[in-house]
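Single-structure report; data block below.
What follows is calculated from the coordinates using simple rules that are stated; it is not laboratory data. What you are looking at is a predicted structure, and each value in this text was computed from that prediction instead of being measured. Note that each Cβ is placed from the backbone with ideal geometry, even for glycine, and that neighbours are counted across all protein chains shown.
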Amino acid sequence: MKNKQKKYKLVLNEMKKIYYAGSEDLPTYNLDWMGCEIDEYNYPTYHHITKASELREKNENDIATLENGAYLGTQSHESLHYIETFDPELYNAWNKIFLYINKTNKHPDKETWNNIFDLLNKSIIAIENHEKNKKRNK
């Protein structure tokens, strides 16, 4: 178990180095891949794009890799999996962005950040609407 946790930390550190190096027109941000600030209350976690359970079912390695992961704060990670329960299309849109970031292997450009913030706004609205509907149906 210790080796697995060490691997996750190594991959998260690599993700942070690659994707948050900044650029001339895009300064370095301490944001996760869903656009939320990383801090002591929202610390980085590794999100499997293809779920670890699905990988194990296929007898594939479920240990963290750069290709199959996303750098998410705890709050974003929880929100993403909550979204998955009621809006799989939005959940898949996020994973598509994560795969694109992995494919480019560099700090997101302005267009990618615009897509991230668009999905973030859609996610906020989707969660609010879902919560309102839950209250109405009680």
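Of note:
- Largest first, the three principal axis extents of the alpha carbons in segment 74-127 are 30, 21, 17 Å in whole numbers.
- Based on C-alpha pairs under 8 angstrom that are at least 6 apart in sequence, the chain has a relative contact order of 27 percent.
- Comparing 75, 123, 31 along the charge dipole axis of the chain, the residue lying farthest to the positive side is 75, per the Cβ-charge model.
- Too-long pairs where the Cα-Cα distance tops 32 Å, listed order kept, from 16/51; 4/135; 17/51; 110/134: 4/135; 110/134
- Diffusion coefficient, µm² s⁻¹, Stokes-Einstein with Kirkwood Rh over alpha-carbon pairs of segment 41-138 at 25 °C and 0.890 mPa s: 167 µm²/s
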